[in-house]
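One structure is given below, encoded as structure tokens.
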Amino acid sequence: MASVLNQDYANLELLVIDDGSTEGTAQHPAHQGPRIRVLQQSNAGPAAARNLGLANAQSELIAFIDADDLWLPGKLRTQVAYLQSQPEISVVFGGFARWLAENNGHFETPPWIEPTGDPLALTSPSGWIYPDLLLDSVVHIITAMVRCEVFDAAGHFDTQLPTGEDFDFWLRASRQFQMHQLARTLARYRIHPHSLTKVPRPENNELRVLQKALQTWGSAGPDARQVDAAALKRRLFGICFGHGYFHFWHGSKTQTRKAFGQALRHDFWHPKVWAYWMSAAIWLTALPRSRLLHHHPARMSHISSLMIETEADTFLKTTIPPRKAT
């Protein structure tokens, strides 16, 4: 919260969304102040929490931050300045730095990131980025600033998605609005060691969202730019293989074989998939799950870091200048 309130852009409101927290979020002294409003709901997940904030926002510009992450100094000022100078652009985002816990689980003060160059300079991808999103979820929600008109046109977050709801939203928004990426790191994304023990979800929501987009809009952007077919095939394969690999090391035989079976549809002769697919029938039957997790901790860290984006109980949402009366 401090990284929000310490921004050098004072005209903001901070909405703290208590998504069924058991830690007394609403009564916490840090959540009291003239610029802070606390909204509470029974635990309903990140999409519902963000939608609650959107429904109560009183401003024209929206930015998001999950409870454990940090905005770097100057984030709001830079993005507001960019949107004011580019009225035809409705979404601006930037880079983020991963913030890893120490071996003891604590987060030490991270090294300072020195801003360099023109703060309003852009990097790729920028513009009509739908084809780029098909290949990678390039917009991290904690770095984005969005005009309210985007939510009015593209809709809010899909509450049927327990994960991947932000990826789904960016795909929908990219069909109607250009998005520009600042060539600057704007936030720190905290990687928790306890994410290694999270129980994997059986559904592959990233694949679900991507397939829905392809079925709805195809593989070309609004500007007719076509995604590279070979790259898209590798992307689909990677999502399926990664999901299977994660479940393999958690000892889930059924989900492993299902995910690797989906991967084979995109690269039938890939030898690694066949090796894991066959191992799932033999090794997972005999080897306890605890030994699987112990067997490959380094790789587990890499995979499970992708799973914690929406696990925080509390979501912070800031909105910037007042929304015009209608």
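Here is a yes/no grid of residues against (1) open to solvent by 50 Å² or more (accessible area, probe 1.4 Å); (2) at pLDDT 70 or above; (3) closer than 28 Å to Ala173 by Cα:
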{"residue": "Thr78", "(1), (2), (3)": "no, yes, yes"}
{"residue": "Pro87", "(1), (2), (3)": "yes, yes, yes"}
{"residue": "Val92", "(1), (2), (3)": "no, yes, yes"}
{"residue": "Ala101", "(1), (2), (3)": "no, no, no"}
{"residue": "Asn104", "(1), (2), (3)": "yes, no, no"}
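Check Phe177, Phe167 and return the single one that is free of Cβ contacts under 8 Å to residues at least 60 places away in the same chain and not basic (Lys, Arg).
Phe167
Taking the stretch 117-129 on its own, how many of its residues are on the phi < 0 side of the Ramachandran plot and either touching a His at 6+ places or on another chain (Cβ under 8 Å) or part of a strand (DSSP E or B) (or both)?
Residues meeting the conditions: 5.
Could you tell me how many of the residues in the stretch 130-147 are among the charged types (D, E, K, R) and in a loop (DSSP other than H, G, I, E, B)?
Matching residues across the stretch 130-147 total 1.
Is there any pair linking a residue in the stretch 1-18 that is of a type in the set (Ser, Thr, Tyr) to one that is modelled with pLDDT of 90 or more, with Cβ under 7 Å and at least six apart or on different chains, and which?
What qualifies is Ser3/Trp71; Tyr9/Leu76; Tyr9/Arg77; Tyr9/Val80.
Does the stretch 70-83 include one or more residues that are under 14 Å from Leu15 (Cα atoms) and among the small types (Gly, Ala, Ser)?
no
Kindly check whether there is at least one residue in the stretch 251-263 that is open to solvent by 70 Å² or more (accessible area, probe 1.4 Å), β-branched (Val, Ile, Thr) and within 22 Å of Leu135 (Cβ to Cβ).
no
The values are calculated or read from the model by the stated rules, or taken from the named source; none is laboratory data. Since this is a predicted model, take the numbers as computed values, not measurements. So basically every Cβ, Gly included, is an ideal-geometry build from the backbone, and we count neighbours across all protein chains shown. In case anyone asks, the SASA skips ligands and DNA or RNA and just uses the protein heavy atoms, side chains included. Shrake-Rupley method; radii C 1.70, N 1.55, O 1.52, S 1.80 Å.
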